[in-house]
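The values are calculated or read from the model by the stated rules, or taken from the named source; none is laboratory data. Since we're looking at a predicted model, the values are computed, not measured. Please note: Cβ atoms are built from the backbone with ideal geometry, for glycine as well, and neighbour counts cover all protein chains shown. All accessible areas refer to the heavy atoms of the entire protein, side chains included, with ligands and DNA or RNA removed. Shrake-Rupley method; radii C 1.70, N 1.55, O 1.52, S 1.80 Å.
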Amino acid sequence: MVTDPLYFPSTLRGSVDLSGSKSLSNRALIIAALADGDYTLQGLSQAEDTRLLAQALQTSAAQVDIRGAGTAMRFLTAYYAASGGAHCLTGSERMKQRPIGPLVEALRSLGADIDYTEKEGFPPLRIRGRQLRGGCLHLSGSVSSQYVSALLLIAPYLSSSLRLRLEGTIVSRPYINMTLALMRHFGAQAGWEAEDTLIVAPAPYQSTARYRVEIDWSSAACWYETVALATDPAARLLLRGLREETWQGDARVQDYFLPLGVKTTFCAEGAVLEKTEMQSGAIVFDLSGQPDLAQSLVVACAALQRPFRFTGLQTLRIKETDRLAALARELDKLGITVAVENDESIRSVTYASAPAHLQPVATYEDHRMALAFAPCALRFPGLQIAEPAVVNKSYPGFWEALQSLLK
């Protein structure tokens with residue numbers, strides 16, 4: 001299935017709605033389940049990933065299938081290990097190819113009872129919950145920050161303090177800081193003991209009556225890209241509900257798109273994106289703190305024929321797809337050649353004329369591929385996106401929001 005050919009009008013004005021933050025929603029759900037308190041979580045993400053996690057936390061079934069929800073896989077592995085009962089945790093075929101060994105080994109060192117049921121180091125997992133001990137752990141900082149967050153979230157329920165030392169380069173540090181901020185909001189004693197060391201005391205989460213999830217900054221990237229690619233010099237979009245004060249590291253999208261001619265101001269209704277002067281020169285950023293923004297930035301720069309180089313992207317190899325390879329493959333369909341270097345960076349190479357007949361953009365079961373390439377129709381009119389429903393993973397209302405701008 002593909003979308004109808006996408007054609008944008010000559011002017012770009014309007015407002016769009018975003019969902020609640022998937023990242024914050026998933027963390028809040030785990031905290032609420034561990035605390036078993038009387039929490040009211042408001043503004044939860046409508047994303048499929050969040051829905052699957054919520055269902056898993058409520059089911060009594062022995063086998064839990066979280067399909068392609070990577071965050072749910074990591075968080076539930078730790079949650080089930082530290083809770084009662086036995087579970088078999090599985091997912092999609094792609095999920096069975098995504099490594100989880102570092103998290104399993106860390107949990108085993110705390111006393112967890114976890115077995116691989118098919119392939120060593122990969123889901124599915126058989127988990128028998130029990131009381132876990134604390135202690136000192138060493139974990140590579142260059143792997144997914146979700147391993148770190150999964151351990152942090154359960155740490156208040158260990159028998160003693162957890163001291164977690166991250167070795168090497170720490171990727172996605174803002175996501176770790178988000179986890180810590182939310183944990184402290186619910187009463188946990190957690191934080192950085194040193195630049196590379198985290199510590200969490202064995203003090204359960206406290207009952208908090210209400211928590212409202214922030215609007216999702218990660219999903220805002222596709223709208224920043226839309227304004228950047230618009231040919232309308234007075235393009236303006238209101239992203240309803242976004243706030244300047246946030247725990248989300250992906251709010252850095254404001255800084256990353258400023259050189260591409262998008263400025264951000266805030267009003268009572270949310271964030272206003274408007275055209276501003278585009279800066280000259282190559283676009284070069286280290287995205288190790290915000291890797292989920294990479295696809296929108298790469299596609300924006302490519303469509304604008306701007307030279308670019310983005311580094312710190314090693315975690316993109318183990319996402320819903322190999323995102324670096326997928327970007328190179330799909331941009332090639334538009335006459336754009338990029339180079340992937342050292343499994344952690346991507347840069348521009350050449351720009352050629354777009355082919356007379358545009359092939360649909362494949363999405364590889366990856367929501368961010370669809371979100372990144374749909375705005376590209378501003379520069380490649382008639383572009384189509386394959387398997388458009390993949391956006392339900394993080395942003396179910398995306399196509400409705402886009403259609404409101406196409407009218």
Notebook entry, point to check: Conditions: (1) open to solvent by 50 Å² or more (accessible area, probe 1.4 Å); (2) within 23 Å of the chain's Cα centre (by Cα); (3) at pLDDT 95 or above. E118 meets all but one. Number of the miss?
Noted result: (2)
Notebook entry, point to check: P396 fails exactly one of the following numbered conditions: (1) closer than 22 Å to D49 by Cβ; (2) in a helix (DSSP H, G or I); (3) out of contact with any Cys (no Cβ under 6 Å at 6 or more places or on another chain). What is the number of that condition?
Noted result: (2)
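Of the residues Q97, Q146, Q131, which is out of contact with any Ser or Thr (no Cβ under 7 Å at 6 or more places or on another chain) and polar (S, T, N, Q)?
On the way: Q146 fails: out of contact with any Ser or Thr (no Cβ under 7 Å at 6 or more places or on another chain); Q131 fails: out of contact with any Ser or Thr (no Cβ under 7 Å at 6 or more places or on another chain).
Selected residue: Q97, the only one of Q97, Q146, Q131 that is out of contact with any Ser or Thr (no Cβ under 7 Å at 6 or more places or on another chain) and polar (S, T, N, Q).
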Check: For the subset of the stretch 169-194 comprising residues that are closer than 20 Å to E344 by Cβ and part of a helix (DSSP H, G or I), which member is most open to solvent (accessible area, probe 1.4 Å)?
Finding: R173
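Yes/no per residue for (1) part of a strand (DSSP E or B); (2) among the basic types (K, R); (3) open to solvent by 10 Å² or more (accessible area, probe 1.4 Å):
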{"residue": "V16", "(1), (2), (3)": "yes, no, no"}
{"residue": "A61", "(1), (2), (3)": "no, no, yes"}
{"residue": "F75", "(1), (2), (3)": "no, no, no"}
{"residue": "K96", "(1), (2), (3)": "no, yes, yes"}
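Tell me, please, whether a residue that is farther than 19 Å from V200 by Cβ and assigned to a loop (DSSP other than H, G, I, E, B) can be found in the stretch 147-168. Break it down stepwise before answering.
Keep residues of the stretch 147-168 that are farther than 19 Å from V200 by Cβ, which gives 168.
Add one more test, that the residue is assigned to a loop (DSSP other than H, G, I, E, B), and what stays is 168.
Yes, because at least one residue in the stretch 147-168 is farther than 19 Å from V200 by Cβ and assigned to a loop (DSSP other than H, G, I, E, B).
Hey, could you check the stretch 283-317 for residues that are free of Cβ contacts under 8 Å to residues at least 60 places away in the same chain and among the small types (G, A, S) and say which is surrounded by the fewest Cβ atoms within 10 Å (Cβ to Cβ)? Working first, answer last.
Of the stretch 283-317, the ones free of Cβ contacts under 8 Å to residues at least 60 places away in the same chain are 283-287, 294, 301-302, 305-311, 313, 316-317.
Now drop any that are not among the small types (G, A, S), which leaves 294, 302.
Details: A294: 26, A302: 23.
For the stretch 283-317, the residue satisfying everything is A302.
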Check: Is at least one residue of the stretch 216-235 farther than 20 Å from L151 by Cβ, assigned by the TED database to the domain that holds A302 and open to solvent by 70 Å² or more (accessible area, probe 1.4 Å)?
Finding: yes
Check: From the residues in the stretch 318-352 that are among the hydroxyl-bearing types (S, T, Y) and not in a loop (DSSP other than H, G, I, E, B), which one is surrounded by the fewest Cβ atoms within 10 Å (Cβ to Cβ)?
Finding: T350
